[in-house]
Structures are given as structure tokens and as C-alpha cells.
1. Does Arg79 satisfy the condition of being more than 16 Å from the ligand (Cβ to nearest atom) and in the same structural domain as Asn154 (by TED's automatic domain parsing)?
2. Show me the strands (runs of 3 or more DSSP E) found entirely inside the range 82-171 where at least 2 residues are free of Cβ contacts under 8 Å to residues at least 60 places away in the same chain and assigned by TED's automatic domain parsing to the domain that holds His335.
3. Can you tell me which residue in the range 191-207 is nearest to the ligand (Cβ to nearest atom), limited to those that are farther than 18 Å from Leu239 by Cα and among the basic types (Lys, Arg)?
4. For the range 90-106: of the residues being away from the ligand (no atom under 15 Å from the Cβ) and crowded, with 20+ Cβ neighbours inside 10 Å, which is nearest to the chain's Cα centre (by Cα)?
5. All but one of (1) buried (at least 20 other Cβ atoms within 10 Å of the Cβ); (2) assigned to a helix (DSSP H, G or I); (3) more than 17 Å from the chain's Cα centre (by Cα) hold for Val59, so report the exception by its number.
6. Can you give me the ranges of the helices (runs of 4 or more DSSP H) entirely in the range 202-299 with at least 1 residues that are under 17 Å from Asn7 (Cα atoms) and free of Cβ contacts under 8 Å to residues at least 40 places away in the same chain?
7. In the range 28-56, what residues are of a type in the set (Gly, Ala, Ser), in a helix (DSSP H, G or I) and crowded, with 17+ Cβ neighbours inside 10 Å?
Amino acid sequence: MKVYLDNAATTPLDKAVLDEMLPYMTEHFGNPSSIHSYGRKTRAAIEGARKMVAKSLNVSPSEIFFTSGGTEADNMAIRCGIHDLGIRHAVTSKIEHHAVLHTLEKLEKEGFIKLSFVNLSPEGHIDLNHLEQLLKENGRTFVSLMHANNEIGNLLPLKEAGEICAAYNAVFHSDTVQTMGHYAMDLQKIKIHFVTCAAHKFHGPKGVGFLYISSSVKINPLIYGGGQERNMRGGTENLYGIIGLAKALEIALGGLSEHQKHILEIKNYMIEQLKIVIPSVEFNGSCLDKCLYTVLNVRFPHTENAEMLLFNLDIAGISASGGSACASGSDIGSHVLRGIGCDVTRPSVRFSFSKYTTKEEVDYTVSKLKELFAVSVSMIS
Ligand SMILES: Cc1ncc(COP(=O)(O)O)c(C=O)c1O
């Protein structure tokens, strides 16, 4: 049996999304910047996709800019936001995705900003009182705090954070890569300047995303070139990617409550079953309270077999993750788990679910974990 429990890293493409994309790989191939009929056809398709995305967030299509994914969108918001709005101080957290963290750290190293880190609770929640204090003590600030953490799932109350930022005239960016397509968002109700999206996190294609830029802020491009994206992002558009993104978002939001219910049931079921078969199991982050329903980060007991847990799971056909996929290959451990002061000497695994995950897959995974830990215990006893 093969079980895919790494949906926070990426999700499989929905067949209906592929069907929507295919004609734009074959007969509708015109460059959207061309003024002839081929170009007009694809230009209209891109603008249709932009309208769909904008409608889903209750914003204007002129506030949506397609990018190559979440990393580029985060880079653009942070680099251009800080440079072009004349900001000298930024606030973030130690558990942001590296697309945010490394970008801000580079800007600090280059001498453009002073960077402050907001305090976190032991479960990984942002201390909003400390955020307010940092804003009070410094000049106009760029705040970058993710909506949901990709490793432990912790959710930020976006509305509350936005109110605090607005009270101090701060510019507010949130990496919403893990929540876009997983929650309904009405950006008219949140005081926020930038949010980001990657289509591959909700059964869309890889290599495409968008940046929402509130019309209240004016920035320059990150990537210069042709006049694409209304002069905000040079480069021929990823036509079929954009078509796929819009279709995937439409499907995700259309079935949202059904998907949420199914995935939460799966997550709760896995928690229950794990507690039964490995009673000393613990969970990183806040797990159920104010947590993304697609992510479950499990801390296992420290036994011999546990050292090679991900490897052993992989051999059993189960794909999960030890942290962020983007950091795999480096063995420095999770900066997120270290950031919340977790016991990183114990092996942790992130299981992440999708609308396609079944109870049978969870049963199989838990049974394999039971075997692995039973073997370890007998080996050390
Ligand atoms: C929270 C978060 N931000 C940004 C990214 C980067 O997105 P992309 O893979 O589209 O560059 C990811 C991807 O893992 C993510 O989880």
C-alpha cells in the first residue's frame, strides 16, 4: 500500500484541474501579450482567472498579481514593500517559512532594516501584546506573520493582528500559502496589505501562485522585464498554470465545508488511534486548538527505531515529512520546532492530509507505527 501524508509539502493535481489546463497547452497557446486572435484568447483566459481569484477574496482584480508561487510572492511583498514604502523596521517570528525568514534576514544583513522577533507561546502562538509593544517602540514597521504554520499548523488570528498593525500604521503581510483554498477569506474584513498563494497546496499545478497587493499601497516590481501583470511582474505568463490555479481554487472553495469536515475527522481519528497504540506520543504546536486542520505534527518517544522513523515509514510505503519539504536535504532539524523550544532530540513527524486521505490509509500508517515502536521497545528491553 502506498500512502501519501505529505499534503502540506504539495498536493496531487485534481483531474478536473488538468482537464481545464490541457487546451492551454495545445490549441490555445498564444502569447497573452500578442494582439492577434491567439493572444486575445489567452489574455481573456488570464483575466477570467484573475477575476475568479479576486472574487473569492472579495478584492479587485487589479489587486491580484500572478507569480511563480509562494516564494516569489513572499519575496516581492517583503523586498518591494520595505524598499518602496521606505520602511526601516520589520517584525516577524522565528517560525516563519524560509521564503519570509531568509528574505528578511538578508535585508537586515544588507543594512536596510532592523529586524525584531515577536515572542511565541510554547504552543507556537504569536504573542499579540508583544507585537503591539514592538510597534509602539519602533517607527513605521513591516509586519510579516504567517496565517498558518506549515509544520505545526498554528493559526494566527489575522483580523486581530491586522487591527493591531493598523493602529500603528504598520504594513501587514501574511504568508497565507498553507491556508489559501483551505479557508474562506474576505479581505474586506481584514486590515492587510499583502497575502500570498501557491496553487500546488490545494490540488493545483506547481510553479504558480499570486500576490494580493492592497490598492492602498504602491510598490514597484521585483522582476523587471516586459509589461506583463500591468507592469508589475515581467515575463511571459505561466498561462496554463494560471488557468489551473483558478480552477483549483474554485474547486477548493466550492467544496470547502465538505473537505474541512472530512479532513478534520481524519486528523482526529489519527490522534485517537496514535494515543491508543503509542500512549507516550505527544503533539507539537497546539494540535487542535487554533490549528490548521490539514496538519498533525507528532512527537514520538525516543527509541532506537525512531531514529530512522521517516526512512522506515518510507520503506512501508508511507510518505510523511520531518519538517518543511523545502528544507529536506539539510539535517539541521526543524527551525520551527527549535523556535518553539520543542524537544528536538525526540523524533517528530508531520503528517498532513487532503480531501483524498482515507481512514484506511490512517489505519495502515498507525499499524506500521505500532510495529516500528513495538520492535524498538523489545530491542531496548
Ligand atoms: C508557508 C509556506 N510559504 C511559502 C511556501 C513556498 O511556496 P512555493 O513552493 O510555491 O514557492 C511554502 C511551501 O512549502 C509554504 O508552506
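1. Values: more than 16 Å from the ligand (Cβ to nearest atom): no; in the same structural domain as Asn154 (by TED's automatic domain parsing): yes.
For Arg79, the condition - more than 16 Å from the ligand (Cβ to nearest atom) and in the same structural domain as Asn154 (by TED's automatic domain parsing) - is not met.
2. Numbers: elements: 89-92, 114-117, 141-144.
Those strands (runs of 3 or more DSSP E) do not exist here; none qualify.
3. Across the range 191-207, the extreme among qualifying residues is Lys201.
4. Keep residues of the range 90-106 that are away from the ligand (no atom under 15 Å from the Cβ), which gives 90-91, 105-106.
Adding the requirement that they be crowded, with 20+ Cβ neighbours inside 10 Å leaves 90-91.
Working: Ala90: 20, Val91: 19 Å.
So, considering only residues that are away from the ligand (no atom under 15 Å from the Cβ) and crowded, with 20+ Cβ neighbours inside 10 Å, the one nearest to the chain's Cα centre (by Cα) is Val91.
5. Checking Val59 against (1) buried (at least 20 other Cβ atoms within 10 Å of the Cβ); (2) assigned to a helix (DSSP H, G or I); (3) more than 17 Å from the chain's Cα centre (by Cα), the one that fails is (2).
6. Details: elements: 228-231, 239-254, 256-277.
Qualifying helices (runs of 4 or more DSSP H): 256-277.
7. Hits for the range 28-56 are Ala45, Ala49, Ala54, Ser56.
The values are calculated or read from the model by the stated rules, or taken from the named source; none is laboratory data. For clarity, every value in this text was computed on a predicted model and none was experimentally measured. Reconstructed Cβ throughout: ideal geometry from the backbone, glycine too, with neighbour counts over all protein chains shown.
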